[in-house]
1. Suppose all protein chains stay in the model; what accessible area per residue would a 1.4 Å probe give for region 421-465, in Å²?
2. Across region 454-462, in residue order, what do the Karplus-derived ³J(HN,Hα) couplings come to in whole Hz, using 6.51 cos²θ - 1.76 cosθ + 1.60 with θ = phi - 60° and x for Gly and Pro?
3. Tell me, what is the FRET efficiency for R44 and R159 to the nearest 0.05, using R0 = 51 angstrom and their Cβ-Cβ distance as r?
4. So, by mean Cβ neighbours within 10 angstrom, what's the order for 312-325, 208-221, 191-204 with the highest one leading?
5. Looking at region 419-516, which trypsin sites (Lys or Arg not before Pro) are DSSP coil and have at most 14 other C-beta atoms within 10 Å of their C-beta?
6. Search the structure for amide H atoms under 5 Å from the amide H of L280, placed 1.01 Å from N in the peptide plane, and list their residues when 5 or more places away or on another chain.
7. In region 430-476, what percent of the accessible surface is made up of carbon and sulfur (1.4 Å probe, ligands and nucleic acids excluded)?
8. For region 99-246, what does the accessible surface come to per residue with a 1.4 Å probe? Please give it in Å².
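The values are calculated or read from the model by the stated rules, or taken from the named source; none is laboratory data. Keep in mind it's a predicted model, so treat the numbers as computed, not measured. Cβ atoms come from the backbone with ideal geometry, glycine included; neighbour counts cover every protein chain shown. Just so you know, the surface numbers come from the protein's heavy atoms only, side chains and all, with ligands and any DNA or RNA stripped out. Shrake-Rupley method; radii C 1.70, N 1.55, O 1.52, S 1.80 Å.
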Amino acid sequence: MGPLDRRRMPEAPLKLPVLIRTIRAARTQAEERELVQRESAVIRGAFRDDEASTRASNLAKLLYLHLLGYPAHFGQGLLQEENSAVQRHRATILACLTDLDPTVKRRALQLSFALVNSSNVRATVKELLGFLDTCAPDLKADCTSGIFLAAEKFAPNKRWHIDTILQVLTTAGSYVRDDAVPNVIHLIGGVQELHSYAVQQLYSALAQDLSQQPLVQVATWCIGEYGNLLLDSSCEEVEPKQVDPEEILSLLERVLQSHLSLPATRGYALTALMKLGTRLQGSDINRIRSLVSIYCSCHDIELQQRAVEYNALFRKYDHLRGSLLEKMPLVDKTGYSEEGCEKGQNEREDVAPSVLEVAPPGDRKQEESNQVSDLLDILGGPLDFPPSQPSTGAPVPEPFLDLLGDLKPPAASAPSGLAVYERDGLLIEFSMERPPLEPTLLLITATVSNTAPGDVTSFSLQVAVPKSFQVELLAPSSTTVPGQRGTPITQLIRVLNPRKVPLRMRLRLTYILPSGSLVQQIEEINSFPEAAWK
């Protein structure tokens, strides 16, 4: 009789401790799977026979198998019916969030969110916020999604809901989904009695940290809408801070000048300045006009257009500024009951959809298998694009598809000076720098030189990175690369890497040779040194 036969499980159901010991005794994965399948068959039989005496034990075993990563879908109807029995294991499931096995952690996280209800939402979310602060980067996105969804469904009151969302944005704002910002704004806008409290909290958070872009965007929006409440120092919820207009304008100027700020973030800041301008006067107005006018020549087209329009308001339509920049109207949102249950929950889901949703466990493998092909394609559209036209200003990206398809794993580290392209007499070198005060930001200066006799014209460099990064490509110093080792052209690339994972990049190059031939190349870079991202 072999080792497996000696440990083969009987048809009678095992108690949980015996099941755990038996599974741990398996010497191979195949042996473990066979043991799990046998016990699962016994549990299924007990479910079919409706054996009430073994339900609690079978539920516990189902939870254990789920934590190990095995499917337990056949027991979901019973899990819902016996919710009180499952809730008895909530503390154990939350404790599994500290397990060393990442699979157990992920399963425990999914189960924890499944067990949240109006009675335990405060305690459970408190545990999950602590987990969010220390968990691995690959779990942060799921954790933020689950907390947002739990708060949306079971928030005991409005202030708790706002506090929870702000804590998530402060702790892991870079990991929330793109729709988080408009939904949080929607939430705050609909709670008039907490406008002063929200803007006070957000102002303090913004002054301490500019790296969490969703937090910065929500904060600048609130300052623009409710900045007068900051100046009035009127807040019943907390002791108000004494803030003067110069401090607010200086903070928004920091947002505009920060290397971490995305174009969208700067757009929020410009709008906030304009809205504050309707409530300030004298030298403060002149300062706002000066800050806005700087971006009238910005290389980002959308930001430039916004600044030009705002500048026109000052010059031509100053009498309309007050009416055009009024506060946003209040959003009609259903309230919360004092007992901790939300009124009109079904209707609320139609009015304000959940800020974030956790992907179903069954989609996880598909999501991971598509991770490479699902990388950010900053340009979109077909790969067979028409020849590019010479650029006279900021390069306008041309559409093409799958710039990042089939990226390979990052190669070994390389020196900080990196040659990324050498062909047709062109040499492109990357020099990299990480600002000491902004460790998640990488500044790359691309230097393009030409050893060929003739000039290379209509030079265009476009960049794409995976979704876990944020990239901003500034305009090149010129679109003509002088021949015979003339003065090289330079272009700045800013890469934000909040998770500090290995950097991968795709370059799309377009240029015209002295012979008149159009060249289009796509290059893959996997050799960034560890110092560039770790």
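1. Heavy-atom SASA per residue in region 421-465 reads 39 Å².
2. x, 6, 9, 10, 6, 6, 9, 10, 10
3. So the FRET efficiency works out to roughly 0.65.
4. 208-221, 191-204, 312-325
5. Working: sites: R423, K467, R485, R494, R499, K500, R504, R506, R508; in loops: K467, R485, R499, K500, R504.
In loop regions of region 419-516 (DSSP not H, G, I, E or B), the sparsely surrounded trypsin sites (Lys or Arg not before Pro) are K467, R485, K500.
6. So L280 has HN proximity to no qualifying residue.
7. It is 57 percent, rounded to a whole number.
8. 38
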